[in-house]
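Single-structure report; data block below.
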Amino acid sequence: MEQVKLPQLTSLTVTPPLTDDDVNDHINALITSSGCQLQFLHIDFPIIDNDFFGILDSTPGLVHLKLNYPQWFHVHNESFDDFAQRMEECSDSGEHELLPALQSLEITIQKDEDRTAASPFGFMDSDLVNMVVSRWNVGALTLFRFEADTTRVLEDLSIEDVAGLRTVKEEGLSISVVTTSKGLCYTTGHWDLRFDQEDYRRVYV
């Protein structure tokens, strides 16, 4: 990728067939060699590590970030631990240090295969809610979307977290936090106050 130069590149979609431990190195090499001003980045099977944050640090003009998991594994949950905290950090001027121009953040999970984890999406918690609220209040964020195909409840989202997200939606943020169950009808959760439930869909926000 170091030999590829695309100085006019503004949109990049990376879709490896499976998790590729070198994907962040390849993306970094392309951005560095091209000297481009990336605005849209979509990554399948993203690996959230220091190299990933290096990509975000080198693309301050990015306005849309989509992280998509065609299949979810427990290791992905672990790599997401620092995502919300790093994305919420601000400089002394009050501007977010990473992706200050970010307008749209999407996290999608097409298939949840990790049936051993009690809470498969632990990053969907108060830290992520605080980050979304922060970027709505003082950043450029206008859209946040989380959607996962899973039979399980987002256990780490409290009623207070959901209320916070609903508040910023009422203020004007375009936001959607939804799980779907394409294979099995939901049979539990009907009385959970955190979401509205249909046969194959739970709507938190």
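For segment 141-180, the tally of residues that are assigned to a loop (DSSP other than H, G, I, E, B) and closer than 18 Å to residue 107 by Cβ stands at 10. Summed over segment 181-205, the residues that are assigned to a loop (DSSP other than H, G, I, E, B), more than 17 Å from residue 107 (Cα to Cα) and not small (Gly, Ala, Ser) give a count of 15. The set of residues from segment 134-189 being aromatic (Phe, Trp, Tyr) and modelled with pLDDT under 95 comprises just one member, 186. When segment 188-197 is limited to residues that are farther than 12 Å from residue 157 by Cβ and either touching a residue at least 40 places away in the same chain (Cβ under 8 Å) or under 24 Å from the mean Cα position of the chain (by Cα) (or both), the one that is surrounded by the most Cβ atoms within 10 Å (Cβ to Cβ) turns out to be 197. In segment 148-187, of all residues being of a type in the set (D, E, K, R) and in contact (Cβ under 8 Å) with a residue 40 or more places away in the chain, the one that is surrounded by the fewest Cβ atoms within 10 Å (Cβ to Cβ) corresponds to 149. Flag: residue 58 matches the condition of being at pLDDT 90 or above, in contact with a Leu (Cβ under 9 Å, 6 or more places away or on another chain) and among the hydroxyl-bearing types (Ser, Thr, Tyr). Comparison of 203, 168, 162 shows that the only residue that is over 22 Å from residue 56 (Cα atoms) and in contact with a Lys or Arg (Cβ under 8 Å, 6 or more places away or on another chain) is 162.
The values are calculated or read from the model by the stated rules, or taken from the named source; none is laboratory data. These figures come from a predicted structure and were not determined experimentally. Backbone-built Cβ (ideal geometry, glycine too); neighbour counts: all protein chains shown.
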